[in-house]
1. When only C-alpha pairs under 8 Å and at least 6 residues apart count, what is the relative contact order of the chain, in percent?
2. Could you do me a favour and compute the accessible area per residue for the stretch 9-113, 1.4 Å probe, result in Å²?
3. Starting from 0 in steps of 10 Å, tell me what percent of the Cα-Cα pairs of the stretch 150-256 lands in each bin.
4. Quick one: longest stretch of the chain between exposed loop GluC sites (Glu not before Pro), exposed meaning at most 16 other C-beta atoms within 10 Å and loop per DSSP?
5. Per residue of the chain, what 222 nm ellipticity follows from adding -39500 (n - 2.57) for every DSSP H run with n ≥ 4, rounded to the nearest 500?
6. Would you mind telling me the antiparallel percentage of the DSSP bridges in the chain, rounded to 5?
7. Counting only residues 5 or more places away or on other chains, whose amide H sits under 5 Å from the amide H of residue 162 once H atoms are built in the peptide plane?
8. Cross-link partners among lysines for residue 50, C-alpha distance below 21 Å, same-chain residues fewer than 8 apart left out?
Amino acid sequence: MITFISPAKGFNETSPSPKQIPSQIEKSKIIIDSLRNMCLEELSKLMKIKEDLASLNIERFKDFKFDQNGLSALFAYSGIQYKNIDPTSLSKDDLDYMDKHLRIISGLYGCLKPSDSIYPYRLEMLTKLPLKYGNTLHKNLYDFWSDSIYKDLEENSEGVIVNLASNEYSKVIKKYVKKDIIFVTCIFKVIKKDKLKIESTASKSARGKMLRYIAKNKINDYRYLMNFTEDGYEFRRELSKTEGNEIELIFTKNTL
């Protein structure tokens with residue numbers, strides 16, 4: 001079983017030493033080369049960000065590195081999901097398990113192991129950046145990465161892929177899933193005034209807690225995910241569904 005998650009926009013300044021460089025950096029270099037050629041106005045428009053943030057990333061891209069001296073990916077990202085994973089409190093056994101059974105999906109790096117060496121950047125998977133790879137011009141990052149990210153997951157999945165990512169990142173995986181692979185998506189909903197809702201902040205928090213739960217318990221059978229009860233969530237079998245090789249596990253919790 002392998003689980004994949006989204007990256008985050010924020011970055012920490014320190015982390016443990018990475019173990020290796022990302023496996024798909026040849027494609028990452030093509031992306032960086034394209035971004036380096038953009039002026040402030042072009043980058044701001046492409047990423048739909050303010051000029052001060054665009055300026056920061058222009059500086060980042062100018063001297064971008066692909067070596068083993070960066071930040072360890074799982075510790076590098078800073079956001080709600082990653083705070084709830086709380087990797088600094090995990091044991092060596094937990095982290096070793098995650099290196100084998102977790103991948104972080106990135107618009108820049110493709111498929112990342114937790115201990116891969118990365119540097120701060122900003123590039124969402126939704127970015128409509130045209131890129132040439134070989135003799136083919138790709139219209140955006142989904143097209144550019146094609147099925148290469150999925151292939152990495154499939155190779156290490158042992159037949160089961162667990163989706164703990166947002167739609168923006170699961171989209172680059174889901175369309176390529178083969179029928180002999182069990183594809184499990186965990187969905188977290190809150191109950192407000194007797195109505196079920198998906199809230200972004202609550203979902204990010206729950207995904208982080210679920211990943212931590214997987215790592216601490218070394219889960220290798222997706223059916224044990226149904227036992228997850230962190231932060232007041234409970235598995236709702238009657239709301240969950242299975243269609244072919246795709247499974248949706250629904251978890252809900254009451255809010256005040």
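1. Details: 457 pairs, mean separation 58.0, N = 256.
Relative contact order comes out at 23 percent.
2. Details: 5370 Å² over 105 residues.
Per-residue value: 51 Å².
3. Reading the bins upward from 0: 13, 47, 33, 6, 0.
4. Working: sites that count: 13, 158, 199, 238.
With GluC sites (Glu not before Pro) excluded where exposed in loops, the chain gives 14-157 as its longest stretch.
5. Values: 10 runs with 91 residues, N = 256.
Rounded to the nearest 500, the figure is -10000 deg cm²/dmol.
6. Details: 18 of 38 bridges.
Of those bridges, close to 45 percent are antiparallel.
7. 2, 3, 4, 184
8. Those lysines meeting the cut-off are 9, 62, 128.
The values are calculated or read from the model by the stated rules, or taken from the named source; none is laboratory data. Not measured: the values here are computed from a predicted model. Glycine also receives a Cβ, built like all others from the backbone with ideal geometry; neighbour counts cover every protein chain displayed. Only protein heavy atoms, including side chains, enter the accessible area calculation; ligands, DNA and RNA are left aside. Shrake-Rupley method; radii C 1.70, N 1.55, O 1.52, S 1.80 Å.
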